[in-house]
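The values are calculated or read from the model by the stated rules, or taken from the named source; none is laboratory data. What you see is a predicted model; the values in this text were computed from it and never measured. Glycine gets a Cβ as well: all are built from the backbone with ideal geometry, and neighbour counts include every protein chain shown.
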């Protein structure tokens, strides 16, 4: 397929590389051109503008937040105005439920397809082509893009026609990951102050009660104090808690822990943690207890 890809951060680069390696003709665009050059070395074409990346049958966007997606899609020379009738926009960004609904309506009115396909997994998983994809869209749209999603997914979960459902599930998943990070940080602060080695404690937890990858990954990061380079930057964690709370307010669902986590991320950023991985909120409990990390 002729595919465009917009947004070549750590996640986008891995996804685009796998789509390219699956035999598709890929045109890539990124505001910082240097991030596109490794893809060009593998055979991708570098677009000079967003519009130039929208000439094919499908275009992916993998961008940091709602503002970035809105600029790329609705701005002059954007995806909406450049994508041909019948072509498909696949959004793998973690965006608000409200924006997902707006994108679906706008593409429908323009005679285009829209698929929400946010992912679970960190950059190394994206590079390995082993992401979990939460996909929503019309059956026709999902059929069209399934071969592309399969290029970077170990499993695809199709969750229906309503695109915003995929985004809500993604936000709820990130909320749960943040809960795990905070709870690990608090538990580690407790035992570490009593003299227990953090890494030994994580080994016990992940070998007995909590063997899931999320505990192993984030437990190791917190225990080792390794938060740079960020696989998922702390400001994005704050953004996702805000989006989760916005969706919850719209549905009138209280989420007390999400409010707590919003404040934890805000605390981390207030202390200069903008460039740290979001798992660094796991160190706040130790600081509260008068301990270092």
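Among the residues of the stretch 86-96, are any part of a strand (DSSP E or B) and over 28 Å from residue 248 (Cβ atoms)? Yes, the conditions are met somewhere in the stretch 86-96. Of the residues screened, residue 268 is not one that is closer than 17 Å to residue 218 by Cβ, surrounded by fewer than 22 Cβ atoms within 10 Å (Cβ to Cβ), outside the structural domain of residue 99 (by TED's automatic domain parsing) and at pLDDT 95 or above. Residue pairs whose Cβ atoms lie under 6 Å apart, sitting 6 or more positions apart in sequence or on different chains, and linking a residue in the stretch 102-127 that is closer than 14 Å to residue 91 by Cβ to a partner that is modelled with pLDDT of 95 or more and part of a loop (DSSP other than H, G, I, E, B), are 112/83; 112/87; 115/137; 117/92; 118/92; 118/94; 119/92.
On inspection, residue 19 fails the criterion of being assigned to a helix (DSSP H, G or I) and within 28 Å of residue 241 (Cα to Cα).
Looking at 191, 196, which one is modelled with pLDDT of 95 or more and assigned to a loop (DSSP other than H, G, I, E, B)?
Answer to the selection: 196.
Look at (1) surrounded by fewer than 19 Cβ atoms within 10 Å (Cβ to Cβ); (2) touching a strand residue (DSSP E or B) at 6+ places or on another chain (Cβ under 8 Å); (3) under 19 Å from residue 58 (Cα atoms) and you find that residue 130 fails only one, number (3).
For the structure I just gave you, tell me whether residue 169 is more than 21 Å from residue 234 (Cβ to Cβ) and either touching a strand residue (DSSP E or B) at 6+ places or on another chain (Cβ under 8 Å) or surrounded by 18 or more Cβ atoms within 10 Å (Cβ to Cβ) (or both). Here the answer is yes, as residue 169 does meet what is asked. Beta carbons closer than 8 Å, at least 6 apart along the sequence or on distinct chains, never pair a first residue in the stretch 60-72 that is in the same structural domain as residue 24 (by TED's automatic domain parsing) with a second that is part of a helix (DSSP H, G or I) and at pLDDT below 95.
Quick check on the stretch 27-43: of everything there that is assigned to a helix (DSSP H, G or I) and out of contact with any strand residue (DSSP E or B) (no Cβ under 6 Å at 6 or more places or on another chain), which residue is nearest to residue 79 (Cα to Cα)? Filtering the stretch 27-43 for residues that are assigned to a helix (DSSP H, G or I) and out of contact with any strand residue (DSSP E or B) (no Cβ under 6 Å at 6 or more places or on another chain), the one nearest to residue 79 (Cα to Cα) comes out as 33.
Exactly one residue among 56, 75, 86 is surrounded by fewer than 17 Cβ atoms within 10 Å (Cβ to Cβ), modelled with pLDDT of 95 or more, assigned by TED's automatic domain parsing to the domain that holds residue 147 and farther than 26 Å from residue 235 by Cβ, and that residue is 86. Just one of (1) over 20 Å from residue 52 (Cα atoms); (2) without any contact (Cβ under 8 Å) to a residue 60 or more places away in the chain; (3) in contact with a helix residue (DSSP H, G or I) (Cβ under 7 Å, 6 or more places away or on another chain) fails for residue 90. It is (1). For residue 186, indicate whether it is surrounded by fewer than 17 Cβ atoms within 10 Å (Cβ to Cβ), in a helix (DSSP H, G or I) and touching a residue at least 12 places away in the same chain (Cβ under 8 Å). In short, yes. Just a yes or no: is a residue in the stretch 136-145 within 16 Å of residue 12 (Cβ to Cβ), under 21 Å from the mean Cα position of the chain (by Cα), outside any helix (DSSP H, G or I) and in contact (Cβ under 8 Å) with a residue 12 or more places away in the chain? No; the residues of the stretch 136-145 include none that is within 16 Å of residue 12 (Cβ to Cβ), under 21 Å from the mean Cα position of the chain (by Cα), outside any helix (DSSP H, G or I) and in contact (Cβ under 8 Å) with a residue 12 or more places away in the chain. For the residues 286, 280, the requirement of being farther than 28 Å from residue 10 by Cα, surrounded by 15 or more Cβ atoms within 10 Å (Cβ to Cβ) and either assigned by TED's automatic domain parsing to the domain that holds residue 224 or touching a residue at least 60 places away in the same chain (Cβ under 8 Å) (or both) singles out 286. Is it true that residue 69 is buried (at least 20 other Cβ atoms within 10 Å of the Cβ), modelled with pLDDT of 95 or more, closer than 14 Å to residue 5 by Cα and touching a strand residue (DSSP E or B) at 6+ places or on another chain (Cβ under 9 Å)? Yes.
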